[in-house]
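So the structure is just underneath, and the comments pick up after that.
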Amino acid sequence: MKSSDFVVVGGGIIGISVAIEIRGRWPDASIDLLEKEIECGRHASGRNSGVLHSGFYYTADSLKARFSQQGNRELTDYCRSRQLTINECGKLVVTRGEDELESLAELFRRASANGVDVERVEAADLPRLDPCARTVGAALYSPTTSSIEPREVVGALVNDAERMGICIQKGNAFLSHDGDEVQTTNGRLPAGYVINAAGLYADKIAHKYGFGREYGILPFRGLYLEYKDSGPVPHCHVYPVPSLENPFLGVHWTTAADGTVKIGPTATPAAWREHYRGLANLKLAELIEIGVRESGLWLRDAAGFRRLAWQEISKKGKRRLLALARQLVAPGTATGKWSWGRPGVRAQLINTRAQRLVMDFVCEGDDRSFHILNAVSPAFTCAFPFARYVADQVASLVGGGGSIKSARPGAPAGLEPAHTIPRVGGV
């Protein structure tokens, strides 16, 4: 029976990047990556909007702020070096009324605190950046925000990982564990150390190891409308000023890597974890579990869930989505034909005890396993430095034993590795 020094569960961009970082730290170790689907990146990573965020939304003490700017730079360099598709279009955050100017100013303060290159632009100067965008009073311009093709990036990383001797087992799902043995759909696999990067199912796997008991995944389904006609369209990303109390950024205009213009996304509470369309992938146990979880949030109105849910449910119709998007652009922009694009599901973590959505990345682990419980947007952007952070935490836990919960800035294992870890972008 084959054994493995490290087993990584989940073949999205986080799991693959972590496996590559582990290879850099332990070059002689055997590493297996389990991906339940027949190819990597079929869920959140492959259905990602493709926006490389610059990192000015997040408070300076968060992991998201720590990794966004660095991740943006490294992933941009990676795409350039591999000649992968990238559209370095920039991004505008515009206001819809004077009541949003203070929140815009807060975003500018966060950009300064995080060291992110952001320019404040007066409304009269906006046409030089994008004639289609409009704002009230002022806007913010982020020149380093861009777009990539997510599936292309994941495919390139899979090739890198396989060239480095990482065994990617596609079509092989984690089921459970018995001591040091991982039970999979293809049989037993003795594992020295397990790293859980399973996205929508990360909480389920963590619970099997005794971690993340106060957390659960609450899935939100996201849909974009894609423009299929001629006429003036924005060439920058155009975003509204978001609510700073929840993790969603509002309906916005996205210019994809191939130039396709999209608006969205919706963020409708999903009925089960892989609830993309209709009854596909329906699992009755998940339907009941998530229904109970959402009902509890609704009845208690925890963290303003009723208002958030109503706002998002109202966006399900094409007319409402277009109306919200048109608040951000000049009249006459993209007045032709729109059609629905490929849906995605956001694996949003909820603290079930505190009854609140978790805003930042969350990790827990000990000297036998490590669990990435919350790796939502901008996790794709943050993947490379976040993977090094995970490798650092694992190195600390394996070397010193003990456990770490909710790993975040200030945790015992810092970002500095015991010895140099090759950067993912340089493999």
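Averaged per residue, segment 185-252 has 34 square angstrom of accessible surface, using a 1.4 angstrom probe with ligands and nucleic acids left out.
Of the options (i) 21.2, 69; (ii) 35.7, 112; (iii) 27.8, 98, only one is Rg and Dmax of the Cα atoms in Å as computed from these coordinates, and that is (i).
Work out the length of the dipole vector of segment 177-272 about its Cα centre, built from +1 on the beta-carbon of each Lys and Arg and -1 on the beta-carbon of each Asp and Glu, and round it to the nearest 20 debye.
Result for segment 177-272 is approximately 140 debye, rounded to the nearest 20.
Cross-link list LYS36/LYS204; LYS91/LYS315; LYS64/LYS283; LYS315/LYS337; LYS170/LYS208; LYS204/LYS283: which exceed 26 angstrom alpha carbon to alpha carbon? List each step's numbers first, then the result.
Details: LYS36/LYS204 14 Å; LYS91/LYS315 23 Å; LYS64/LYS283 32 Å; LYS315/LYS337 18 Å; LYS170/LYS208 22 Å; LYS204/LYS283 14 Å.
Long pairs (Cα-Cα over 26 Å): LYS64/LYS283.
The separation of segment 34-75 from segment 318-342, counted between C-alpha centres, amounts to 26 Å. Normalised by 2.2 N^0.38 Å, where N counts its residues, the alpha-carbon radius of gyration of segment 274-334 equals 1.53. Every helix of 4 or more DSSP H residues in the chain counts as -39500 (n - 2.57), and over all residues that averages to -9500 deg cm²/dmol at 222 nm.
Distances between placed amide hydrogens fall under 5 Å for SER369 paired with VAL194, all partners being 5 or more residues away or on another chain.
Computed from Cα positions, the angle between helix 63-82 and the longest principal axis of the chain comes to roughly 90 degrees. Principal-axis analysis of the Cα atoms of the chain puts helix 101-114 at an angle of about 40° to the longest axis. Taking all Cα pairs closer than 8 Å and separated by 6 or more residues, the relative contact order of the chain comes to 23 percent.
Per the Kirkwood formula applied to alpha carbons, segment 121-188 shows a radius of gyration over Rh ratio, Rg over Rh, of 1.39.
Shown are ARG188, ARG293, ARG320, whose ranking by accessible area with a 1.4 Å probe and every protein chain present, most to least, is ARG188, ARG320, ARG293. Just checking the listed ones, LEU249, LEU282, LEU218: in the Gaussian network model of the chain with Cα springs under 10 Å, the one fluctuating most is LEU282.
When the chain is treated as a GNM with alpha-carbon contacts under 10 Å, the residue of ASP117, ASP367, ASP99 showing the greatest mean-square fluctuation is ASP99. Across segment 20-26, rounded Karplus estimates of 3J(HN,Hα) from the backbone phi angles (6.51 cos²θ - 1.76 cosθ + 1.60, θ = phi - 60°) give 5, 5, 5, 4, x, 7, 10 Hz, Gly and Pro being marked x. Orientation-averaged projection of segment 171-279 equals 10.8 nm² [convex hull of Cα atoms, one quarter of hull surface area].
Placing +1 on the Cβ of each Lys and Arg and -1 on the Cβ of each Asp and Glu in the chain, which of VAL51, CYS236, TRP310 has its Cα farthest towards the positive end of the resulting dipole? Towards the positive end, the residue furthest out is TRP310.
If the Kirkwood radius is taken over C-alpha pairs of segment 275-409, then at 37 °C and 0.692 mPa s the Stokes-Einstein diffusion coefficient equals 176 µm²/s. Under 5 Å between amide hydrogens, built in the peptide plane, is the criterion, and for ILE168 it picks out LEU33 among residues at least 5 positions away or on other chains. Computed on the Cα atoms alone, the convex hull of segment 1-70 gives a volume of 117 cubic angstrom per residue.
Close amide H pairs (under 5 Å, H built 1.01 Å from N) link ALA191 with SER4, GLU181, VAL182, residues at least 5 positions away or on another chain.
Each peptide in 379-385, 356-362 gets a packing score, the mean of other Cβ atoms within 10 Å over its residues, and the list from highest to lowest is 379-385, 356-362. When only Cα pairs below 8 angstrom with a gap of at least 6 residues are kept, segment 19-176 shows a relative contact order of 41 percent.
Charge dipole (Cα centre; +1 on Lys/Arg Cβ, -1 on Asp/Glu Cβ; no other charges) of the chain amounts to roughly 1200 debye.
If you keep only loop residues by DSSP, which trypsin sites (Lys or Arg not before Pro) in segment 3-105 have at most 10 other Cβ atoms within 10 Å of their Cβ?
Here no loop site has a sparse enough neighbourhood.
Of the accessible area of segment 266-379, computed with a 1.4 Å probe over protein heavy atoms only, carbon and sulfur atoms account for 57 percent.
In sequence order, segment 365-373 has phi-based couplings of x, 9, 7, 10, 7, 9, 10, 8, 7 Hz under the Karplus curve 6.51 cos²θ - 1.76 cosθ + 1.60, θ = phi - 60°, and Gly or Pro positions carry x.
Picking from SER369, HIS275, SER4, whose Cα lies most toward the positive end of the charge dipole for the chain (charges on Cβ: Lys, Arg +1; Asp, Glu -1)? The listed residue farthest towards the positive side: HIS275.
Note that segment 231-247 has calculated 3J(HN,Hα) couplings of x, x, 9, x, 9, 9, 5, 10, 10, x, 5, x, 6, 7, 8, 10, x Hz, one per residue in order, obtained from phi through the Karplus relation 6.51 cos²θ - 1.76 cosθ + 1.60 (θ = phi - 60°); glycine and proline are x.
The values are calculated or read from the model by the stated rules, or taken from the named source; none is laboratory data. Keep in mind that what you see is a predicted model, and the values were worked out from it rather than measured. Quick reminder, even Gly has a Cβ in these numbers, built from the backbone with ideal geometry, and neighbours come from all protein chains shown. Keep in mind that these areas ignore ligands, DNA and RNA; they rest on the heavy atoms of the full protein, side chains included. Shrake-Rupley method; radii C 1.70, N 1.55, O 1.52, S 1.80 Å.
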